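After the structure tokens below, expect a handful of questions from me.
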Amino acid sequence: MMMNEPYVIKPITVALIPKFDKDGSLITEVIEGTRSFLVRMKPIEIIEYSMDYYGHGLNVARIADKLGLGKIDMAPVKISGTLGLYWFPSKSPSREDNVWFSLCHYKNAVPIFRNETIVFLRFGHMINILSSAKSFKNKVHKARELKSLMEDRFKEISFFLHKPQDETPQLREQNHTTYHFIQPTQYLNISSEEGKTAEKDCCCSKLKRPSGEENDI
């Protein structure tokens, strides 16, 4: 199925994979939950459109990233802090073969060859990329750093000072929205350490499962 209308990244969106149509135009295979479909937009266009949709542009986000993470290449981006949407590229965003990944849905990365890695994602998806596992995991680490930095900033500005005697507003933290997803019955096996880290990344990590179902997120 080919979607012609603009696509907006959702909490359930897993990855954006570059593809070429029969005319040689760059389009995107969107992985969303357990399904995938084609969108007549470049991956970077989906990233930019989604950031505009949620209230801030890509250039502004890159400036904020560098202020917190320093000057780095292939920086991760915050698409929506409220929804927990933090994404990172496998290569330079200007490259046509760059794949975009959701930090929330990343599970593990395993080397196949020296410069080839298989990336394990939620909902049972696996994607092969031309990159060393060490280099790819460094990008994951930078995305987690960005998520932690942005959440700390959010806590600072979402509190209000309160002193009962002078009726100054009280410090209160806003509640974050929790999203619940239906997971497939089959899950990938990963190490307990990777599983615990992935659980912290995911906005749906507190999902309650039916009794007897394996809890690997």
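No value in this document is a laboratory result; all are computed from the given coordinates. Given the structure is predicted, the values throughout are model-derived calculations rather than measurements. FYI the Cβ positions are ideal-geometry reconstructions off the backbone, even for glycines, and counts take in every protein chain you see.
What's the local net charge at Ser36, with K and R +1, D and E -1, over the other residues with C-beta under 11 Å away?
Overall, the nearby charge balance is 0.
What order do you get for 10-23, 39-52 when each peptide is scored by the mean count of other beta carbon atoms within 10 Å, highest first?
For the peptides 10-23, 39-52, the packing ranking is 39-52, 10-23.
What net charge do the residues around Glu96 carry, taking every other residue with its C-beta under 12 Å from that of Glu96, with Lys and Arg at +1 and Asp and Glu at -1?
+3
Still on this structure: What ranking do 136-149, 111-124 get when scored by the average of other Cβ atoms within 10 Å per residue, highest first?
By packing density, highest mean first, the sequence is 136-149, 111-124.
Compute the FRET efficiency between Ile112 and Arg40 as 1/(1 + (r/R0)^6), taking r as their Cβ-Cβ distance and R0 = 41 Å, and round to the nearest 0.05.
Efficiency, rounded to the nearest 0.05: 0.85.
Whose amide H sits under 5 Å from the amide H of Ala109, counting only residues 5 or more places off or on another chain, with H placed in the peptide plane?
Excluding prolines and chain starts, which carry no amide H, the hits are Phe120.
Still on this model: With the cut-off at 25 Å, tell me which of the pairs Lys10/Lys134; Lys22/Lys107; Lys19/Lys139; Lys22/Lys134; Lys22/Lys139; Lys42/Lys134 have Cα atoms farther apart than that.
Where the Cα-Cα span goes over 25 Å, the pairs concerned are Lys10/Lys134; Lys22/Lys107; Lys22/Lys134; Lys22/Lys139; Lys42/Lys134.
Ordered by residue, what ³J(HN,Hα) values in Hz, to whole numbers, does region 41-52 give under the Karplus form 6.51 cos²θ - 1.76 cosθ + 1.60, where θ = phi - 60° and Gly and Pro are x?
Whole-Hz 3J(HN,Hα) from phi for region 41-52: 8, 6, x, 5, 5, 5, 4, 5, 5, 5, 5, 5.
Taking amide hydrogens as modeled 1.01 Å from N in the peptide plane, which residues meet the under 5 Å criterion relative to Met3, leaving out close sequence neighbours?
Leu38, Val39, Arg40
Read phi for every residue in region 85-97 and hand back ³J(HN,Hα) as whole Hz from Karplus 6.51 cos²θ - 1.76 cosθ + 1.60, θ = phi - 60°, with x for Gly and Pro.
So the J values, rounded to whole Hz, are 9, 10, 10, 9, x, 7, 9, 4, x, 7, 6, 6, 9.
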